[in-house]
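Visitor: Pasting a structure below so you can have a look.
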Amino acid sequence: MHELSIAEGIVRQIEELALKRNASRVASVRVEVGSLSGVDPEALRLAFPIAASGTLADGARLCLKKAPAVLKCRNCGKRSSCRGLGFAALCGFCRSPDVETISGRSIVILDAEIEFADRPRKNPMAAMSESPQKAARRVEGRTKPKCVRRASSKSTARPNPEE
């Protein structure tokens, strides 16, 4: 299972980057796996947590993106994509076996999300909520939220017109 050594290489590179930037942990990693790379994406997905154990990437989410192979035909000169086996690849246009692989053999780290201990994570809901000072004033009764109406002491029942 060579996917474990590939996962270890990914973790090593991401951890090196995270340490250079003084990060406290790696939250997620996006990796593009070429269809002709010889890597089984599911095996890589299973190997990643094992390789990341005890590192800054421990518990990180691995997102895999499959990349199709791009072939250039030496016969007709056109480019086509191939999702099958590289050694049996044919041109998508003229069906010639005389093709050159342009891309699809590589494994590329696209990006990584890293976190820093000295910077708290932003709350995505914070932009929609009110400030703590405004909330404190509202609780103290100095202001009321615009969307809430206070119940009045007057009766809101309407008289029945049939009475």
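The values are calculated or read from the model by the stated rules, or taken from the named source; none is laboratory data. Since we're looking at a predicted model, the values are computed, not measured. For neighbour counting, all protein chains shown are included, and Cβ atoms are generated from backbone atoms with ideal geometry for every residue, glycine included.
Visitor: Mind listing just one residue for me: the one in the range 70-108 that is aliphatic (A, V, I, L, M) and at pLDDT 90 or above and, of those, farthest from ILE6 (Cα to Cα)?
Guide: Residues of the range 70-108 that are aliphatic (A, V, I, L, M), as a first pass: 70-71, 85, 88-90, 99, 102, 107-108.
Going one step further and asking which of them are at pLDDT 90 or above, we end up with 70-71, 99, 102, 107-108.
On the way: VAL70: 23, LEU71: 25, VAL99: 28, ILE102: 22, ILE107: 9, VAL108: 11 Å.
Only one residue fits best here, namely VAL99.
Visitor: For the range 25-56, name all the residues that are surrounded by fewer than 13 Cβ atoms within 10 Å (Cβ to Cβ) and over 20 Å from PRO68 (Cβ atoms).
Guide: At the first step, the residues of the range 25-56 found to be surrounded by fewer than 13 Cβ atoms within 10 Å (Cβ to Cβ) are 42, 50, 53-54.
ILE50, SER53, GLY54, listed by residue number.
Visitor: Also, quick follow-up: Please find, among VAL11, VAL39, the residue that is of a type in the set (A, V, I, L, M, F, W, C), in contact (Cβ under 8 Å) with a residue 60 or more places away in the chain and in contact with a strand residue (DSSP E or B) (Cβ under 9 Å, 6 or more places away or on another chain). Please lay out each step first, then the result.
Guide: Values: VAL11 fails: in contact (Cβ under 8 Å) with a residue 60 or more places away in the chain.
Unique residue meeting the criteria: VAL39.
Visitor: Search the range 95-110 for residues being in a loop (DSSP other than H, G, I, E, B) and in contact with a strand residue (DSSP E or B) (Cβ under 6 Å, 6 or more places away or on another chain), and hand back the single one that is nearest to ILE10 (Cα to Cα). Please lay out each step first, then the result.
Guide: As a first pass, look at the range 95-110 and keep what is in a loop (DSSP other than H, G, I, E, B): 95-98, 104-106.
Among the residues that remain, those that are also in contact with a strand residue (DSSP E or B) (Cβ under 6 Å, 6 or more places away or on another chain) are: 96, 104-106.
Values: SER96: 36, GLY104: 18, ARG105: 16, SER106: 13 Å.
Only one residue fits best here, namely SER106.
Visitor: While we're on this one: Of the residues that sit in the range 1-22 and are touching a helix residue (DSSP H, G or I) at 6+ places or on another chain (Cβ under 8 Å) and aliphatic (A, V, I, L, M), which one is farthest from VAL108 (Cα to Cα)?
Guide: MET1
Visitor: Is it true that ALA18 is touching a strand residue (DSSP E or B) at 6+ places or on another chain (Cβ under 8 Å), within 18 Å of ALA7 (Cβ to Cβ), assigned to a helix (DSSP H, G or I) and in contact (Cβ under 8 Å) with a residue 12 or more places away in the chain?
Guide: Numbers: touching a strand residue (DSSP E or B) at 6+ places or on another chain (Cβ under 8 Å): yes; within 18 Å of ALA7 (Cβ to Cβ): yes; assigned to a helix (DSSP H, G or I): yes; in contact (Cβ under 8 Å) with a residue 12 or more places away in the chain: yes.
When the stated conditions are applied, ALA18 passes them.
Visitor: Turning to a different aspect of this structure: Of all residues in the range 47-82 being assigned to a strand (DSSP E or B) and charged (D, E, K, R), which is nearest to the chain's Cα centre (by Cα)?
Guide: Within the range 47-82, the first condition is being assigned to a strand (DSSP E or B), and the residues that meet it are 61-67, 69-73, 79-82.
Now restrict to residues that are charged (D, E, K, R): 61, 65-66, 72, 79.
Working: ARG61: 8, LYS65: 10, LYS66: 14, LYS72: 31, ARG79: 30 Å.
Within the range 47-82, the match that is nearest to the chain's Cα centre (by Cα) is ARG61.
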